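Student: This is the structure, below, for whatever I ask next.
The values are calculated or read from the model by the stated rules, or taken from the named source; none is laboratory data. What you see is a predicted model; the values in this text were computed from it and never measured. Cβ: placed from backbone, ideal geometry, glycine included. Neighbour counts: every protein chain shown.
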Amino acid sequence: MVANKIKKPIGVFDSGYGGLTVLKEIVTVLPQYDYLYLGDNARSPYGTRSFETVYDYTLECVQQLFSMGCELVILACNTASAKALRNIQQKDLPLIDTNKRVLGVIRPTTEIVGAYSKTGHIGVLGTTGTVASNSYPIEIKKFYPKMIVHQEACPMWVSLVENNEIESDGADYFIQKYLGLLLKQDKEIDTIILGCTHYPLLINKIKKYLPPSITILSQGEIVADSLCKYLEQHIELEQKCSKGGVVEFYTTDSSENFDKAASFFYGKAVKSKHLEL
Ligand code: DGL
C-alpha cells in the first residue's frame, strides 16, 4: 500500500485524467482542504465497459481511497457516477463504514438545470455507458418531472481529447456530428449538459457549432459549488477533513505518462505516484 502524507484528504476519483477538470474547480473554490486524486488509467476508459465492470473497478478504487484516510470520496467521473454510485451508497457503504460518504457528479448537475432552461427541453451528451444508464433523464425527472430530456452518446470525443486531436478537422467533424444528432431530436432544446469529464476541453469547438441561445453546462464549477454547500451542511464530516491545502495525485498506470498528459486537464504541472491496486 502507498503511504500518503496527508491525514484525512477528500478523495477525488476518475477512470483516468478527466476528473482533473473537476478537481481543478474544486481546489479553486475550496483550496483549504487536502485532496487525494486517484486516476484508474490502467483500466480506462470506463465509458464503454459493462455496468458490472465499472461498478467493480469503482468500488475497488473507493475502498483504496478509504484505506488512504479519505472520509469523503467524490466520483468525478460520469460513467462511474452513473453505473456504480447508487450501489456503493446503498449496498456497500452500510457494510464498509456508515460514517464515510461517496458523492457523484450527476446529481449536482441535474439539481440546478432548471435554473438555466426556459423551454424545459434538455440535451445530455455523455459516454455510451452514461447515456445507456439513463441516469441523467432519471435524475432530472426527480427534480423537474415535466422536463423533456434527450441524450446523445459521443463515443469519439474522449479519444479526440486523449489523442491531442482537439484542433484537428476530425474534431470538427465529430463535434458537429453528435451535436447535430442531439439537436435533430428536438428543436426546443435550450440547455445542454456536458455529461463527461473530457467535454469541457472541447468547449470552444462545441460553442462553434451551437447557436448562442443554447446554454452549455460544464460540470466542474457546478460540482465544486455543490461540494461547498454539502460541507457547510455536514459539519461533522467537514471537521474530519484535513486542511493543509495539499493535493496528491495517484495513478494505477505509469506516473511518468500521467504527469505528461495530466497538466492539460489540470491546467498546471502534476507530479503523481504509481499505485498498485
Ligand atoms: N471520465 C469518464 C466520464 O466522465 C470519461 C472517460 C472514460 O470513458 O473513462 O464519463
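Student: Checking the condition within 16 Å of the ligand (Cβ to nearest atom), at pLDDT 95 or above and more than 14 Å from the chain's Cα centre (by Cα), which residue from ILE235, ILE203 passes?
Tutor: Exactly one of ILE235, ILE203 is within 16 Å of the ligand (Cβ to nearest atom), at pLDDT 95 or above and more than 14 Å from the chain's Cα centre (by Cα), namely ILE203.
Student: Now a separate question. Can you report the number of residues in segment 144-174 which are within 16 Å of the ligand (Cβ to nearest atom) and either aliphatic (A, V, I, L, M) or within 23 Å of GLY16 (Cα to Cα) (or both)?
Tutor: So the count comes out to 16.
Student: Among the residues of segment 209-218, is any in a helix (DSSP H, G or I), within 30 Å of ASP172 (Cα to Cα), small (Gly, Ala, Ser) and in contact (Cβ under 8 Å) with a residue 24 or more places away in the chain?
Tutor: Checked segment 209-218: no residue is in a helix (DSSP H, G or I), within 30 Å of ASP172 (Cα to Cα), small (Gly, Ala, Ser) and in contact (Cβ under 8 Å) with a residue 24 or more places away in the chain.
Student: Same structure, new question: From the list THR28, THR53, THR48, which one is surrounded by fewer than 17 Cβ atoms within 10 Å (Cβ to Cβ) and at pLDDT below 95? Show your work before the answer.
Tutor: Numbers: THR28 fails: at pLDDT below 95; THR53 fails: at pLDDT below 95.
Just one listed residue meets the conditions, THR48.
Student: How many of the residues making up segment 25-35 are away from the ligand (no atom under 16 Å from the Cβ) and either under 18 Å from SER81 (Cβ atoms) or in contact with a Leu (Cβ under 9 Å, 6 or more places away or on another chain) (or both)? So that I can check it myself, show each step before the final result.
Tutor: Just the residues of segment 25-35 that are away from the ligand (no atom under 16 Å from the Cβ), to begin with: 27-35.
Going one step further and asking which of them are either under 18 Å from SER81 (Cβ atoms) or in contact with a Leu (Cβ under 9 Å, 6 or more places away or on another chain) (or both), we end up with 29-30, 33, 35.
Selection size over segment 25-35: 4.
Student: On to the next question. Pick from segment 4-24 the residues that are modelled with pLDDT of 95 or more and either assigned to a helix (DSSP H, G or I) or of a type in the set (S, T, N, Q) (or both): which of them is nearest to the ligand (Cβ to nearest atom)? If you could, list the steps in order and put the result at the bottom.
Tutor: Applying the first criterion (modelled with pLDDT of 95 or more) to segment 4-24 yields 8-24.
This time we only want the ones that are either assigned to a helix (DSSP H, G or I) or of a type in the set (S, T, N, Q) (or both), so: 15, 19-24.
Values: SER15: 3, GLY19: 6, LEU20: 10, THR21: 9, VAL22: 9, LEU23: 12, LYS24: 14 Å.
If we take residues in segment 4-24 being modelled with pLDDT of 95 or more and either assigned to a helix (DSSP H, G or I) or of a type in the set (S, T, N, Q) (or both), then SER15 is nearest to the ligand (Cβ to nearest atom).
Student: Could you please find all residues in segment 57-71 being free of Cβ contacts under 8 Å to residues at least 60 places away in the same chain and either surrounded by fewer than 18 Cβ atoms within 10 Å (Cβ to Cβ) or of a type outside the set (Val, Ile, Thr) (or both)?
Tutor: Those that are free of Cβ contacts under 8 Å to residues at least 60 places away in the same chain and either surrounded by fewer than 18 Cβ atoms within 10 Å (Cβ to Cβ) or of a type outside the set (Val, Ile, Thr) (or both): TYR57, LEU59, GLN63, LEU65, PHE66.
Student: Going through ILE74, ILE122, ILE106, ILE138 one at a time, which residue ends up being more than 16 Å from the chain's Cα centre (by Cα) and buried (at least 23 other Cβ atoms within 10 Å of the Cβ)?
Tutor: ILE122
Student: If you check GLU162 against the conditions, is it touching a residue at least 24 places away in the same chain (Cβ under 8 Å) and more than 14 Å from the chain's Cα centre (by Cα)?
Tutor: Values: touching a residue at least 24 places away in the same chain (Cβ under 8 Å): yes; more than 14 Å from the chain's Cα centre (by Cα): yes.
Judged against the criteria, GLU162 is a match.
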